[in-house]
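Shown next, in structure tokens, is the structure this report addresses.
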Amino acid sequence: MNRSKKQSDIRTRCVHTGVYQDATHNSVTTPIYPTSTFYFEALGRKKRYDYTRSGNPTRTALEENIAALEGGVGCSATATGMAAITAVLFYLQPGDHVVTGDDIYGGTYRLFDQVFSKRGISFNFVNMRDLKAIRHVITKKTKMVWIETPSNPLLNIVDLEATIALGRAKKILTVVDNTFLSPYFQRPFEFGADLVVHSTTKYLNGHSDVVGGAIVYGDKRLEERGRFLVNALGVSEAPFDSWLVLRGVKTLAQRMEAHQTNALAIAEFLERHKNVRRVYYPGLQSHPQRELIRRQMQGHGGVLSFELKTDKVPLKKFFSRLKYFCLAESLGGVESLIEHPWSMSHASMGERALKASSMTPETVRVSVGIEGVQDLMDDLDNALRR
Ligand SMILES: *Cc1c(COP(=O)(O)O)cnc(C)c1O
């Protein structure tokens with residue numbers, strides 16, 4: 001492929017990066033290579049690949065694509081988002097300390113709190129909107145700052161520029177989980193992040209038909225170590241799954257625009273509704289961090305949350321009346337999903353952490369799909385009847 005220095009439009013990169021791999025038959029799309037191993041031409045003489053855990057052409061195509069979208073030097077595609085996060089934690093040694101948010105993804109919280117905490121790594125879960133709170137817990141042992149923004153499910157925004165600068169000044173590795181906005185709306189490397197991780201299960205694949213993850217590297221040294229870890233731990237993405245994500249990512253730009261347009265209309269509709277107490281969505285004028293949102297995000301994404309007045313509309317009744325919003329965890333697919341974080345996506349946090357968070361049993365999270373927005377609003381309107 002002819003790679004010019006000037007970076008093309010992200011919509012072009014979605015479609016054109018990580019294809020043209022088939023020199024044998026010139027297939028326009030990237031073939032799937034479902035092989036575990038690759039033969040040597042002679043002892044000591046092989047082509048690029050030898051074993052699929054270590055490398056596979058279909059996965060390489062996906063990795064080139066995601067690296068180009070984020071603006072990283074390279075990428076490892078992993079079996080799940082949690083596989084990517086697990087591998088990144090192995091950059092650390094026992095005794096190291098991590099600072100992260102008190103409202104991060106439930107599965108990440110569980111991994112940190114119940115797995116790595118028992119393996120000699122310590123964590124502080126703080127309000128990451130408060131730089132003083134971060135500074136307050138940093139010690140000589142702090143080796144990683146883990147940022148997730150917007151947060152889940154309350155869509156709080158962490159200041160990427162200031163938080164990353166704080167980490168860099170102290171030579172602390174800064175990692176950003178960019179799952180919620182995707183590189184179409186937010187690119188943490190532009191603020192100096194060291195690593196970006198994804199659950200490609202969500203917007204990058206976008207069709208709710210595969211689980212996957214990605215680690216995107218900000219420099220070559222981190223890439224070398226990361227590739228070693230992904231191979232050593234055995235957490236790389238299967239060829240078929242890589243191919244699905246690669247197919248999904250080509251329409252990332254168009255999907256994100258459609259998710260966002262629908263999400264804004266629904267957020268405004270819910271904000272006006274008398275049986276809704278409060279709406280959380282970065283695109284709303286009422287979001288308390290408007291200025292920061294404008295500075296670091298190119299868009300607001302497709303996830304919103306709201307507080308249902310459950311004294312008016314009981315939760316069970318509300319969920320059972322919905323026709324288009326599917327009651328399911330996960331987000332980022334073309335179909336609208338709705339869920340109850342307290343008992344579903346965030347239940348793994350445990351009762352104590354849940355109660356300490358700003359979430360309530362009335363919080364409802366919506367992943368707005370790309371359906372006709374009037375159908376979606378009618379559906380919600382019907383479910384919100386007393
Ligand atoms: C879903 C999700 C993950 C975990 O990804 P899996 O693919 O489910 O393993 C991590 N971070 C965020 C923000 C997520 O939404």
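The values are calculated or read from the model by the stated rules, or taken from the named source; none is laboratory data. On a predicted model such as this, the values are computed, not experimentally measured, just so you know. All Cβ positions, glycine included, derive from the backbone under ideal geometry; neighbour counts span all protein chains shown. Note: accessible area is taken over every heavy atom of the protein model, side chains too, but ligands, DNA and RNA are not part of it. Shrake-Rupley method; radii C 1.70, N 1.55, O 1.52, S 1.80 Å.
Worth pointing out:
Residues checked against (1) buried (at least 20 other Cβ atoms within 10 Å of the Cβ); (2) away from the ligand (no atom under 16 Å from the Cβ); (3) on the phi > 0 side of the Ramachandran plot:
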{"residue": "Phe40", "(1), (2), (3)": "no, yes, no"}
{"residue": "Lys46", "(1), (2), (3)": "no, yes, no"}
{"residue": "Leu62", "(1), (2), (3)": "yes, no, no"}
{"residue": "Ala68", "(1), (2), (3)": "yes, yes, no"}
{"residue": "Thr78", "(1), (2), (3)": "yes, no, no"}
{"residue": "Val88", "(1), (2), (3)": "yes, no, no"}
{"residue": "Tyr91", "(1), (2), (3)": "no, yes, no"}
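- Pairs linking a residue in region 339-354 that is touching a residue at least 40 places away in the same chain (Cβ under 8 Å) to a residue that is in a loop (DSSP other than H, G, I, E, B), with Cβ atoms under 6 Å and 6 or more positions apart or on different chains, are Pro341/Pro153; Pro341/Met359; Ser345/Glu329.
- First in region 177-201 and within 23 Å of Trp243 (Cα to Cα) and of a type in the set (D, E, K, R), second anywhere and within 14 Å of the ligand (Cβ to nearest atom) and not in a helix (DSSP H, G or I), Cβ under 6 Å, 6 or more apart: Asp177/Glu148; Asp177/Val197
- Among the residues of region 161-215, those identified as within 14 Å of the ligand (Cβ to nearest atom), part of a strand (DSSP E or B) and among the aliphatic types (A, V, I, L, M) are Val175, Val176, Leu195, Val196, Val197, Ala214, Ile215.
- The residues of region 331-356 that are outside any helix (DSSP H, G or I), of a type in the set (D, E, K, R) and open to solvent by 20 Å² or more (accessible area, probe 1.4 Å) amount to a single one, Glu335.
- Hits in region 256-287 - residues which are out of contact with any Ser or Thr (no Cβ under 8 Å at 6 or more places or on another chain) and part of a strand (DSSP E or B): Val276, Arg277, Arg278
- Selection status of Leu244, surrounded by fewer than 19 Cβ atoms within 10 Å (Cβ to Cβ) and over 16 Å from the mean Cα position of the chain (by Cα): no
- Neighbours by Cβ (under 6 Å, 6+ apart or cross-chain): first from region 357-371, in the same structural domain as Ile266 (by TED's automatic domain parsing) and in a loop (DSSP other than H, G, I, E, B); second modelled with pLDDT under 95 and open to solvent by less than 20 Å² (accessible area, probe 1.4 Å): Ser358/Leu154; Met359/Pro341
For every residue, the table says whether it meets (1) under 30 Å from Pro34 (Cβ atoms); (2) among the hydrophobic types (A, V, I, L, M, F, W, C).
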residue	(1), (2)
Gly218	no, no
Arg227	yes, no
Leu244	yes, yes
Thr251	yes, no
Phe269	no, yes
Asn275	no, no
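- Search result, residues across region 222-244 that are under 22 Å from Val175 (Cα atoms) and part of a helix (DSSP H, G or I): Leu222, Glu223, Glu224, Arg225, Gly226, Arg227, Phe228, Leu229, Val230, Asn231, Ala232, Leu233
- Residues satisfying the criterion are absent from region 23-37 (criterion: surrounded by fewer than 20 Cβ atoms within 10 Å (Cβ to Cβ), at pLDDT below 95 and part of a helix (DSSP H, G or I)).
- Filter pass, Lys323 being in a loop (DSSP other than H, G, I, E, B), at pLDDT 95 or above and of a type in the set (Lys, Arg): yes
- The residue that is nearest to Gln298 (Cα to Cα), counting only those in region 137-157 that are outside any strand (DSSP E or B) and open to solvent by 10 Å² or more (accessible area, probe 1.4 Å), is Asn156.
- Some residue of region 101-112 being basic (Lys, Arg) and surrounded by 24 or more Cβ atoms within 10 Å (Cβ to Cβ): no
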